[in-house]
Amino acid sequence: MSRAVEALVWWIVLTGIWLLTLTSFSVQELSAALVAGLLCALVATTARESYRASWRPRARWLSWIALLPHTVVADTVRVLGPRLRTPAERRRIPVDDDAAVATMVVSAAPGTVVLDDRVAEATGNRTTLVVHALVPAGSRIERSVRS
């Protein structure tokens, strides 16, 4: 994919996300969305190029995303419902080379947020996500992204 096409795709997606968050449309909001979307698209394209990275979607990402609605609802009930004084905890989740996508999916649920990712140099590409969790046993997404 050429850099121009990639930037155009980013621009459309990011502008669309901005517009989806609006409760009412105005010319000013549309202008802000177009400008911010373009700037972010150029930054995203430049960052990917500077890392010389490529993103190839993997089938297992779909299974992670499929678990997301259930986990969001379950975590919301746990977080907002009556709490049995279970303290929050930090955990480590080992993942392979999907750390960026795993970070987004794990952090999308309200009961867990990724604080850090650590690459263990002795094991090559293996990354460990450090998470802060309100859910004591770990969500289904956490168990699914473990490598």
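Test of understanding: among Leu34, Leu30, Leu22, Leu39, which residue is more than 29 Å from Ala102 (Cα to Cα) and without any contact (Cβ under 8 Å) to a residue 40 or more places away in the chain?
Step by step, each of Leu34, Leu30, Leu22, Leu39 is checked, and only Leu30 is more than 29 Å from Ala102 (Cα to Cα) and without any contact (Cβ under 8 Å) to a residue 40 or more places away in the chain.
As for the range 140-147, it holds no residue that is assigned to a loop (DSSP other than H, G, I, E, B), at pLDDT 80 or above and more than 21 Å from Pro57 (Cβ to Cβ).
Looking across Thr45, Thr21, Thr15, one residue alone is exposed (fewer than 11 other Cβ atoms within 10 Å of the Cβ) and not assigned by TED's automatic domain parsing to the domain that holds Ala133. It is Thr21. Could you please let me know if Leu68 is under 14 Å from Val9 (Cα atoms), out of contact with any Ser or Thr (no Cβ under 9 Å at 6 or more places or on another chain) and part of a helix (DSSP H, G or I)? No, not satisfied.
Being part of a helix (DSSP H, G or I) and under 30 Å from Pro136 (Cα atoms) is the requirement here; does Ala7 meet it? Judged against the criteria, Ala7 is not a match.
The residue pairs whose first member lies in the range 64-79 and is in contact (Cβ under 8 Å) with a residue 24 or more places away in the chain and within 12 Å of Ala108 (Cα to Cα), whose second member is in a helix (DSSP H, G or I) and of a type in the set (D, E, K, R), and whose beta carbons are closer than 6 Å, counting only pairs six or more residues apart or on different chains, are Leu67/Arg140; Thr71/Arg140. Close contacts from the range 99-111, counting a first residue that is over 16 Å from Arg146 (Cβ atoms) and a second that is of a type in the set (S, T, N, Q), with Cβ to Cβ under 7 Å and a gap of 6+ residues or different chains, come to Pro110/Thr76; Gly111/Ser139. Checked against (1) assigned by TED's automatic domain parsing to the domain that holds Val135; (2) under 17 Å from the mean Cα position of the chain (by Cα); (3) in a helix (DSSP H, G or I), Cys40 meets all criteria but (1).
Tell me, please, whether a residue that is closer than 20 Å to Ala133 by Cα, in the same structural domain as Ile141 (by TED's automatic domain parsing) and either touching a His at 6+ places or on another chain (Cβ under 7 Å) or modelled with pLDDT of 90 or more (or both) can be found in the range 91-109. No; the residues of the range 91-109 include none that is closer than 20 Å to Ala133 by Cα, in the same structural domain as Ile141 (by TED's automatic domain parsing) and either touching a His at 6+ places or on another chain (Cβ under 7 Å) or modelled with pLDDT of 90 or more (or both).
The values are calculated or read from the model by the stated rules, or taken from the named source; none is laboratory data. Remember, predicted model here, so these are calculated numbers, not experimental data. All Cβ positions, glycine included, derive from the backbone under ideal geometry; neighbour counts span all protein chains shown.
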